[in-house]
Amino acid sequence: MSSTLTWQQLRDLKRSAFEDAGDKWHEVSHRAATDRTRVDQAMTKQLRETQESESAEKAVERLRRLSRNFQYVHSECGLVRTALNGLAADLAGPQRLLEDALADAASMNLTVNEDGSVGYPAAEVENIAGDKRQVPGGTALGSARLPLDPYPLGQGPKAPYFNGPGLLPANPNASKAQDVADRIARAVRAAQEVDARYARTLNGLRAARGLDVTSAMMKDVAADTAAVRGAAASYLEKVPESQSPAERKAWWDGLTEEQRQEYLKIAPDLIGGLDGLPATVRDEANRNYLPVLMDELAKDGGEDARTKLNALRLIQDKLSEPSRPPMFLLGIGDEGNGRAIVSYGNPDTSRNVSAYVPGLGTKLDDGFVKDTMKRAQDTALGARENDPSSASIVWLGYDAPQHVDVMGTGDAERGAPSYNRFMDGLQVANQHDDPHLTAIGHSYGSLTVGTAAKQSGGIPGVDDIILLGSPGVGVDKAEDLGVGKQHVFVGSADNDPVTHLPTKDEVLLAGPVGSLIYGDVFDWGDDDIYFGKDPSSEAFGAQRFKVDPGPHPVTELGGFDAHSQYFTPELDQVSADNIAAVVAGQPDKVVKEAYR
């Protein structure tokens, strides 16, 4: 097709040919993705784990380059497919407009000429005196400058009743012919505009010569994706980023399977973060987006970018190997301190699902992958011993404070709405009629959970809340969290310094050291801490469960060790068992402990 497109070419166009070609590009894209997985899992990983030498490192680097090449082919071929399908879909309107005009021409005995003009026959008309006369036929030229829809539905242009000397009426066929000619011109013009838009986009998807994918070519993937998104905007509906999880799910369910696959190719960064969509869909989208995000961070080169990049590489390694339970990547991002949402077990098919919010010092770094993610995995494994239909999630969907001295409520207040939206998405996507959802907040994350619970309607779908190593949750009573105090469970190690943080007023009056020593002078019940009432106190009224006291921060040089062992069976089996029992919906197995 070209700017000289004729109405005959538009009439004879087989849009299915574009779709068939798109399917072939999809096959290439799929093969490239399969080959990339094979390179990453069967070759690179095995070589890295079994060989340690300079030659092995060089081989690994070459394999990584091969993997990058396959990723590029996978992405670009997917974009070509979407562009071709979009072209076919966007040409449907102009082609239908032309077909309707040609059908009307045939029914009215009009002749469509090669140049798109429309001939009309002579007609016998009657003037105002009652005399009948023959008026000649003629030719109507269509105007491509007219708006695409200038007339109300079913109405054409109005010809004047009288025409020239003798008050002779105009040929009634003239207005009919003009209407048809204008519609043909508009159809051809619209098709030319569609063709030009997609021609620019498809020409931009050409790769440079050579067998290697350069950094510049990988950078172009993002630009190419944006170009295809723009060209195919009318073909692909706008991703509903601002809608509720239920509305997003309804939108996704209403798409064809082909459209879904195209969204996964051209908008993985958007699809992967949409609460309410199936976990398998978000996982696939984020796996597609992961190499692109890693490449963007690699180009940044800053210390923060390197930290996030190393974490994402570790996550990618984990995704490439078997996991028990299976691992699902529900969200990634580089905003703020980094974003990552990882589930162990499918949260859509599991009856019991927990979502754990980490706290103080957490960010997207090596520690998150090696320690924080393991906590979610340990919880999932423990819960499955009670009920195999269990999954556990770690939700790093906000910025946690990085140091005690900068802790305020702002991070929790900003993170709470996002957490609630995520929890709403869990219940919307879950396949059970009444899933059992547990919100877990550790450290500062407990304040985020508490803040989420205080929002209108509470945390959507949540049945139980677990607070671990909490500096306070922003409310003074467990019943204020919206699930009933018998459904609020607290683990608070005696030697966890965070659970003994003095109130801000105590620090102001006595200083950091003095407030720890003389706290009772200012707090008669000794049950007030940094962000409110101590969740492990009788005044708070939650269900406190038994945990190991942990090493003393001073006498045993434990520091903050007791703050970090709640989830870990190797360090605190009783705490891990209690958490697992609550998550599995079996609170009768929880071992209780006296209030502080």
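The numbers here are math on the coordinates, done by the rules we state, and not lab data. As the structure is a prediction and not an experimental result, all values here were calculated from the model. Every residue, glycine as well, gets a Cβ built from its backbone with ideal geometry; the counts of neighbours run over all protein chains shown.
Just tell me the longest site-free run in the chain, where the sites are GluC sites (Glu not before Pro) in a DSSP loop having at most 16 other beta-carbon atoms within 10 Å.
Maximal segment without exposed cleavage sites: 336-537.
Using 0.36 nm per residue, how much length does the chain from Asp131 to Arg64 gain when fully extended, once their Cα-Cα distance is taken away?
That works out to 15.2 nm of additional length.
Hey, can you grab everything whose amide H is under 5 Å from the amide H of Tyr530? Only 5+ residues off in sequence or another chain; H modelled, so Pro and N-termini drop out.
Answer set, sorted by chain and number: Leu501.
Would you mind calculating the gained length between Gln431 and Val406 on full extension (0.36 nm times residue separation, minus the Cα-Cα distance), in nm to one decimal?
4.9 nm
For the chain, build the charge dipole from Cβ charges (+1 Lys, Arg; -1 Asp, Glu) around the Cα centre, then report which of Leu98, Gln51, Val357 sits farthest towards its positive end.
About the Cα centre, the residue reaching furthest to the positive side is Leu98.
Once label points are set 7 Å from the Cα along Cα→Cβ at both Leu557 and Leu270, what is their separation, rounded to one decimal in nm?
Inter-label distance under the simple model: 5.6 nm.
Give, to the nearest whole percent, the P(r) tail of the chain beyond 34 angstrom, counting all Cα pairs.
The share of Cα pairs beyond 34 Å in the chain comes to 55 percent.
Restricting to DSSP H runs of at least four residues, report the calculated mean residue ellipticity at 222 nm for the chain, -39500 (n - 2.57) per run over all residues, nearest 500 deg cm²/dmol.
Value at 222 nm, helices only: -15000 deg cm²/dmol.
If the only charges are +1 at each Lys and Arg Cβ and -1 at each Asp and Glu Cβ, what is the size of the charge dipole of the chain around the Cα centre, to the nearest 20 debye?
For the chain, the charge dipole is close to 2480 debye.
Expressed as a rounded percentage, what relative contact order does the chain have, with Cα pairs under 8 Å and six or more residues apart?
9
Enter the angle in degrees (range 0 to 90, nearest 10) between the Cα long axis of helix 573-583 and the first principal axis of the Cα atoms of the chain, meaning the one along which they spread out most.
That works out to roughly 40 degrees.
Compare the Cα positions of Gln192, Val554, Val574 along the charge dipole of the chain (+1 at Cβ of Lys, Arg; -1 at Cβ of Asp, Glu; about the Cα centre) and return the one farthest towards the positive end.
So the residue we want is Gln192.
Could you give the nm distance between label points at Ala21 and Arg414, where each point is 7 Å from its Cα heading toward the beta carbon?
Rounded to a tenth, the inter-label distance reads 4.7 nm.
For a quick check: sort Leu236, Leu330 by the number of other beta carbons within 10 angstrom, fewest at the front.
Lowest count first: Leu236, Leu330.
Could I have the simple spin-label model distance between Thr568 and Leu205, label points 7 Å from Cα toward Cβ, reported in nm to one decimal?
Calculated label separation equals 4.9 nm.
Listed highest first by mean packing, meaning other Cβ atoms within 10 Å per residue, what order do 375-384, 63-72, 269-278, 455-464 come in?
Per-residue mean Cβ counts within 10 Å order the peptides as 375-384, 269-278, 63-72, 455-464.
Can you tell me the orientation of helix 444-454 relative to the chain, as the angle in degrees between its alpha-carbon axis and the longest Cα principal axis, to the nearest 10?
Once rounded, the angle reads 60 degrees.
Would you please give the FRET efficiency between Ala223 and Asn109, computed as 1/(1 + (r/R0)^6) with r the Cβ-Cβ distance and R0 = 51 Å, to the nearest 0.05?
Efficiency, from the Cβ-Cβ distance: 0.45.
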